[in-house]
Amino acid sequence: MRSDRSQSAGLSLKIAAGAGLAFLHLPILLIFVYAFTTEEKSFQWPPPGFTTKWFAVAWNRPDIWEALWLSVKVASIATVIAMVLGTLAAAAVARTKFFGREVISLLVILPIALPGIITGIALRSAFSLADIPFSFWTIILGHATFCVVVVYNNAVARFRRTSGSLIEASMDLGADGFQTFRHVILPNIATALLAGGMLAFALSFDEVIVTTFTAGQQSTLPIWMLEELIRPRQRPVTNVVAMVVVIVTFLPILAAYYLTRDTDQIAGSGK
């Protein structure tokens, strides 16, 4: 009797999990379908036909390439800034004790916990008060605020799981600070930093809300997509670009998952 109930409960959970996944991913699958539709001005279901011509149209649109290049540049620079600041903050919080350490940790994490519109309004107000014109660099600063959090979370977890005895042994053997960082610390945190950097790049690449408040007249790829949905010219082209964004952001997230899934087995973890 119990086994029958457990099997029934297991089947119910599987059905519920499948329904939840379908609810989350069916809209994304529709984007892929409508990227191949022959209908230009509306969304019909089922699509009247399928074609690949919209990929060629998207390839030859210079406005798409400009937005894509801007998104790549912003995401790359914001990721580099986040990796430097996030790693330094993680090292300070994880390896030292000082008054207000937990408050500092909370303040570092806070930007990603706040709604994006709050962060965007705060940044726009700060730039206006400081008379900083909206430009390429204001977008980067806006993106770096939440990208730092992603790198920090990965790095601080790895720092806390890396035994301090490794650093002490390196110093006892005559290594200076740079040598210890290069040969001991960096190999232990490298995958965490790489995973954090990939996640930060993915978050920056598809960010909309903060970019809206900090971009001025510039259009990153997500902003371009939003404007095309408001004033559509060729709807399937927008779906083609959306499909590319899904792939571009999915790959680093997948890579980050594989890089960090075995983090319980690291050197100096004390096990």
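The values are calculated or read from the model by the stated rules, or taken from the named source; none is laboratory data. Bear in mind that the values here come from a model prediction, so they are computed numbers and not experimental data. Neighbour counts are summed over all protein chains in view; Cβ atoms, including those assigned to glycine, are modelled from backbone coordinates with ideal geometry. Quick note on the areas: whole protein, heavy atoms, side chains included, nothing else; ligands and nucleic acids left out. Shrake-Rupley method; radii C 1.70, N 1.55, O 1.52, S 1.80 Å.
Show me the trypsin sites (Lys or Arg not before Pro) within segment 20-123 that DSSP assigns to loop and that have at most 14 other Cβ atoms within 10 Å of their Cβ. If you can, show how the numbers build up before the last one.
Numbers: sites: Lys41, Lys53, Lys73, Arg95, Lys97, Arg101; in loops: Lys41, Lys97.
Answer by residue number: Lys41, Lys97.
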Distance in nm between Ser135 and Phe23 label points, each 7 Å along Cα→Cβ, equals 4.7
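How high is the FRET efficiency between Leu88 and Thr38 when r is their beta carbon distance and R₀ equals 41 Å, given to the nearest 0.05?
Details: r = 53 Å, r/R0 = 1.30.
The value I calculate is 0.15.
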Expected sort for 119-129, 190-200 on mean C-beta neighbours within 10 Å, highest first, is 190-200, 119-129
1/(1 + (r/R0)^6) with r = Cβ-Cβ of Trp45 and Ser12, R0 = 51 Å, i.e. FRET efficiency to nearest 0.05, evaluates to 0.95
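How much length is gained if the chain between Asn60 and Leu226 is pulled fully straight, taking 0.36 nm per residue apart and subtracting their Cα-Cα distance, in nm to one decimal? Let's see the in-between values first.
Details: separation 166, 0.36 × 166 = 59.76 nm, distance 1.95 nm.
Between Asn60 and Leu226, full extension yields an extra 57.8 nm.
Just the number, please: carbon plus sulfur as a percent of the accessible area of segment 62-161, 1.4 Å probe, no ligands or DNA/RNA counted.
Values: 3980 of 5290 Å².
Carbon with sulfur: 75 percent of the solvent-accessible area.
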Extension length gain for Lys53 and Ile109 (0.36 nm per residue less Cα distance), in nm, is 15.7 nm
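Can you bin segment 199-238 into rounded, prolate or oblate? Criterion: square roots of the alpha carbon gyration tensor eigenvalues sorted a ≥ b ≥ c, rounded for a/c under 1.5, prolate for a/b above b/c, oblate for the rest.
Values: a/c = 3.04, a/b = 1.52, b/c = 2.01.
Taking the square roots of the gyration eigenvalues as a ≥ b ≥ c, segment 199-238 is oblate.
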